[in-house]
1. In percent, what relative contact order does the chain have, based on Cα pairs under 8 Å that are 6 or more apart in sequence?
2. If you take every residue apart from Phe288 with its C-beta less than 13 Å away from the C-beta of Phe288, what net charge results, scoring Lys and Arg +1 and Asp and Glu -1?
3. Please give the length that would be gained between Asn176 and Ser147 if that part of the chain were fully extended, namely 0.36 nm times their separation in residues minus their C-alpha to C-alpha distance (nm, one decimal).
4. For the chain, set up a Gaussian network in which alpha carbons nearer than 10 Å are linked by springs, and say which option among Gly115, Gly229, Gly190 fluctuates the most.
5. Within 10 Å of each candidate Cβ there may be at most 15 other Cβ atoms; applying that plus a DSSP loop requirement, which trypsin sites (Lys or Arg not before Pro) in the stretch 333-373 survive?
6. Set Lys and Arg Cβ to +1 and Asp and Glu Cβ to -1, take the dipole of the chain about its Cα centre, and tell me which of His290, Leu174, Ile257 lies farthest positive.
7. When ranked by the protection proxy of mean other Cβ atoms within 10 Å per residue, highest first, what sequence do the peptides 202-209, 220-227 form?
8. Where does the charge balance sit around Arg391 when Lys and Arg score +1, Asp and Glu -1, over other residues with C-beta under 14 Å from its C-beta?
Amino acid sequence: MRVPYDLKRKNYLRMKILGKKISIFVKSFIIICVMVYYPSQTFAQTSKIERVIVFMIDGMHWQAPEKLKMPVLNELIQEGTYIKKSYMILPHHPTIGDYSTFNSCSFPNPMFHEGTIFIKPENKFLQEMISPKFQTAFIVNTSAYKSVGRGFTTTIMDQTLTDDQVVEQAIELLGNQNPRFMRIHLQSPGSIGQAVVSTSTPDKPFYRNIYGEKSPYVSVIENADCQLGKFVAFLKKSGKWESTVLIVTSDHGQSLIGWHPLFDEDSWVTPLLFVGPGIAKGRQLPYFEHTDIAPTIAWLLGVDAPNKDGGAGKAVKEIMESTDVTGYQPSMLLKKINEQIKEFNILKSKLTLAAEKERTLSNVIASLENENITPEPFYHQDRVTQWFQARSTQHMMEANEKILQEMRDQLENIK
């Protein structure tokens, strides 16, 4: 029996409509599965960003851009998002004990690459999230950072290089390779800052003053700005500028007397600048934490953050032009932890001195490091490799505060 033409056509149209619905459903299902499988940050990157380069000027004091001749950096500040004081964990650099077994540089460096204050040997570094699929590079004129060099496809750590030569090496490398992530580090300012406090004598006008007349720190910082200018000029001439997010900062700050003693608050802060495609221009954020830099870079490049534990930072999307900063209220965790550690050391010193007359305080001091008496001792600088036991930054701060209050009360009772 022949099926009428009209019925055939109706059945055909029904099947066609059903086919379209199935097609739309399948496509939607695939999109949802992809979004669930891959972290949302994978889709957050700006398509124009081909690389992120961190240009570090070691030991840059937070006031250097306004006090010294740094025209390049100050011009870039107008073109990007700037943080006058970015905080890092106090830059302690022990060469003995558990920490030094796995780390050759100060606390902020492994924390920078791991994106967390809970540093552990098994943690991933930022560069390991990008390599080997993409090229990565680290160029610095010292071997002090060998412990954070793991995972880079190209590493140059040569203490015979000048800062100028570090930049020349970086330019040459970018001419021959296409690193997705790159760290360029000029070590001389930090080394000279240390020399200001350790070798200068009272007859020098810059004695214990990095900004003093004829201070070598001033000249080396201003030279770093010149090298930054050369590097930016290369990026523009080579056509890479429009596809590069450039981050200018330091691994730690600088004391006004020189170097980065852990309890000097100027050691905890340094300028931080983001400039590049999609980055807000002329924006200033009131606060930032260096442990947020790695997650932010990972987000910009569309890869996972290296670590997501309770001490990890987060991607700060407020650097982007497309993100409203009206409700930007960071928690200031690192600043608080640094203040707690500083107070702990001061209170412990006061208790030790007071124990000369009030012997019962000797027991109090001993109990601070004894888990049988104090179930959760203070998480101070000498326990940095155990901080992860706190499980979260918030809990670590709360546990620390309990100990601090006990110490305050003990000192108050002897007055």
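Bear in mind that the values in this text are calculations on the coordinates, not laboratory data. Because the structure is a prediction, the values reported are computed rather than measured. Because the Cβ atoms are built from the backbone with ideal geometry, glycine has one as well, and the counts that use them run over all protein chains shown.
1. Dividing the mean separation by the residue count of the chain yields 24 percent.
2. Once positives and negatives cancel, what remains is +3.
3. That pair, Asn176 and Ser147, stretches by 7.8 nm at full extension.
4. Gly229
5. Lys357, Arg359
6. Leu174
7. 220-227, 202-209
8. Around Arg391, the charge tally is -1.
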